[in-house]
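Below is one structure, written out as structure tokens, with a few remarks after it.
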Amino acid sequence: MKPLIQALKGNRVDPPPIWLMRQAGRYLPEYRAVREVAGGFLSLCYDPQKAADVTLQPIRRFGFDAAILFSDILVIPNALGQDVKFETGEGPRLLPVRDAEGLAELSMDNLHQSLAPIYETVKRVSADLPDGAALIGFSGAPWTVATYMVEGSSSRDYPNAKAWALGNPDGFQRLVDLLIDATTEYLLRQVVAGAEALQLFDTWAGVLPKYAFERFSAEPICEIARRVKAEHPDIPIIAFPRGANLYLSEIAKAPEIDAIGIDYAVDPVWAAREIQPHATVQGNFDPILLLAGGDQLERRAVEIVEALAEGAHVFNLGHGILPQTPLEHVERLIKAVRG
């Protein structure tokens, strides 16, 4: 069994498997070369040959224990019929959906037709992975995807999404239910195409109060996981509700969740005590420290490995790698983790 899959199934692996969120991206010169000729960002996501190449680039360079599908969380709203564009230097722009009338414009009728190139990317990567490396499929979790759909872009405070979710929770639930259905279908097809594990990114989970977190973050993630496991019971599922640190031990106890991603604000000693008895722990290293480098990089990496050494652990960052990160710092981190 591949080291990552062993760890995600609750086994202690020494040294722990390592991969990095956003490991396929702008810090790699080979990625920038592909991006330059790919056209727009979504064009790259929908080009199986280029997307597969980009997915495999960090495996070829660094020998990570896993590749993660190169795509974007906003392919789901795009497949549902929402207008999605990426403006250079400004990030995503969407035509906002903020009421029942906007919801009525969305449909799953063309979901798989729109996402077919991504399934093809998964197939290509699966066929070309080196021995021992696993392939992780992924999607955004419903709450985070909904924030982009409602705000029309990234946001600091999410005023429109939170006002809808907190002020009219039953109305907002209709959008969440649609995203649960679409995300489940998307992930199931990724597994059929060759994904060996799945991660649900709930990047903005931490902005919700507890009662709303339970309804719009934790329960949708668990419902998607339950549906996926009903068809593929052996597929490991990683939940990453970033910023929801006080609630992590609760979601870790859900039987359908195999691993919990923790951000860099979580004490790994606490995670060993509160999360590891229930789920594999993944993450925690600060991307800024990876950028800074130096002796602290190695010291902190070893501290995390030692804190989580008695249980199942996947070494990762607490958020995505930064584009300006030096390649030699990544190499140094891998050496520190592998000992």
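The values are calculated or read from the model by the stated rules, or taken from the named source; none is laboratory data. Treat the numbers as computed from the prediction; the structure is a model and nothing was measured. Cβ: placed from backbone, ideal geometry, glycine included. Neighbour counts: every protein chain shown. Side chains included, ligands, DNA and RNA excluded: accessible areas come from the protein's heavy atoms. Shrake-Rupley method; radii C 1.70, N 1.55, O 1.52, S 1.80 Å.
Cβ-Cβ distances below 6 Å connect the following pairs, each with a first residue in segment 146-162 that is assigned to a loop (DSSP other than H, G, I, E, B) and buried (at least 17 other Cβ atoms within 10 Å of the Cβ), a second residue that is among the aliphatic types (A, V, I, L, M) and modelled with pLDDT of 90 or more, and a separation of six or more residues or different chains: GLY152/LEU94; TYR158/VAL207.
Scanning segment 82-104 for residues that are within 22 Å of LYS162 (Cβ to Cβ) and not small (Gly, Ala, Ser) returns GLN82, VAL84, PRO92, ARG93, LEU94, LEU95, PRO96, VAL97, ARG98, ASP99, GLU101, LEU103.
Tell me yes or no: at least one residue of segment 73-84 is under 30 Å from ASP131 (Cα atoms), touching a residue at least 60 places away in the same chain (Cβ under 8 Å) and open to solvent by 20 Å² or more (accessible area, probe 1.4 Å). For segment 73-84, residues under 30 Å from ASP131 (Cα atoms), touching a residue at least 60 places away in the same chain (Cβ under 8 Å) and open to solvent by 20 Å² or more (accessible area, probe 1.4 Å): present.
If the condition is being open to solvent by 60 Å² or more (accessible area, probe 1.4 Å) and touching a Pro at 6+ places or on another chain (Cβ under 7 Å), then segment 109-136 contributes GLU120, ARG124.
Output the number of residues of segment 1-39 satisfying the condition of being under 14 Å from LYS50 (Cβ atoms) and in contact (Cβ under 8 Å) with a residue 60 or more places away in the chain.
Taking segment 1-39 first, the residues under 14 Å from LYS50 (Cβ atoms) are 24-25, 28, 30-39.
With the extra rule that they be in contact (Cβ under 8 Å) with a residue 60 or more places away in the chain, the set shrinks to 25, 28.
Going through segment 1-39 one residue at a time, the tally reaches 2.
Per-residue answers, yes or no, for (1) in contact with a Lys or Arg (Cβ under 6 Å, 6 or more places away or on another chain); (2) among the aromatic types (Phe, Trp, Tyr); (3) under 30 Å from LEU291 (Cα atoms):
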{"residue": "ARG174", "(1), (2), (3)": "no, no, no"}
{"residue": "ILE180", "(1), (2), (3)": "no, no, no"}
{"residue": "GLN199", "(1), (2), (3)": "no, no, yes"}
{"residue": "ALA212", "(1), (2), (3)": "no, no, no"}
{"residue": "PRO220", "(1), (2), (3)": "no, no, no"}
{"residue": "TYR247", "(1), (2), (3)": "no, yes, yes"}
{"residue": "GLU256", "(1), (2), (3)": "yes, no, no"}
{"residue": "ALA272", "(1), (2), (3)": "no, no, yes"}
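PRO241 meets each of the listed conditions (1) touching a Ser or Thr at 6+ places or on another chain (Cβ under 7 Å); (2) open to solvent by 10 Å² or more (accessible area, probe 1.4 Å) apart from (2). Scanning segment 201-231 for residues that are in a loop (DSSP other than H, G, I, E, B) and either open to solvent by less than 50 Å² (accessible area, probe 1.4 Å) or of a type in the set (D, E, K, R) (or both) turns up THR203, LEU208, PRO209.
Here ALA307 clears all of (1) over 20 Å from GLY25 (Cα atoms); (2) hydrophobic (A, V, I, L, M, F, W, C); (3) open to solvent by less than 10 Å² (accessible area, probe 1.4 Å) except the condition numbered (3). As a summary of the residue check, LEU179 satisfies the conditions (1) over 26 Å from GLU90 (Cα atoms); (2) in a helix (DSSP H, G or I); (3) within 17 Å of the chain's Cα centre (by Cα) except for the one numbered (1).
This table checks each residue for (1) surrounded by 14 or more Cβ atoms within 10 Å (Cβ to Cβ); (2) free of Cβ contacts under 8 Å to residues at least 24 places away in the same chain; (3) closer than 30 Å to TYR211 by Cβ.
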residue: PRO236; (1), (2), (3): yes, no, yes
residue: ILE251; (1), (2), (3): yes, no, yes
residue: TYR264; (1), (2), (3): yes, no, yes
residue: LEU297; (1), (2), (3): yes, no, no
residue: GLN324; (1), (2), (3): no, no, no
residue: GLU331; (1), (2), (3): no, no, no
residue: ARG338; (1), (2), (3): yes, no, no
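The single condition among (1) of a type in the set (D, E, K, R); (2) within 19 Å of the chain's Cα centre (by Cα); (3) closer than 22 Å to VAL13 by Cβ that GLU298 does not satisfy is (2). Applying the selection to segment 175-192, what residues are open to solvent by 10 Å² or more (accessible area, probe 1.4 Å) and over 13 Å from LEU80 (Cβ atoms)? Selection gives LEU188, ARG189, VAL191, VAL192. Taking the listed residues LEU106, LEU198, the one that is in contact with a Gly (Cβ under 6 Å, 6 or more places away or on another chain), open to solvent by less than 30 Å² (accessible area, probe 1.4 Å) and in a strand (DSSP E or B) is LEU198, with no other qualifying. Residue-level check: of (1) closer than 24 Å to VAL54 by Cα; (2) touching a residue at least 60 places away in the same chain (Cβ under 8 Å); (3) out of contact with any strand residue (DSSP E or B) (no Cβ under 9 Å at 6 or more places or on another chain), SER114 misses just (2).
On the basis of being open to solvent by 40 Å² or more (accessible area, probe 1.4 Å) and either farther than 21 Å from THR203 by Cα or of a type in the set (Gly, Ala, Ser) (or both), does TYR31 make the cut? Don't jump to the end; show me each part of the working.
Values: open to solvent by 40 Å² or more (accessible area, probe 1.4 Å): no; either farther than 21 Å from THR203 by Cα or of a type in the set (Gly, Ala, Ser) (or both): yes.
In short, no.
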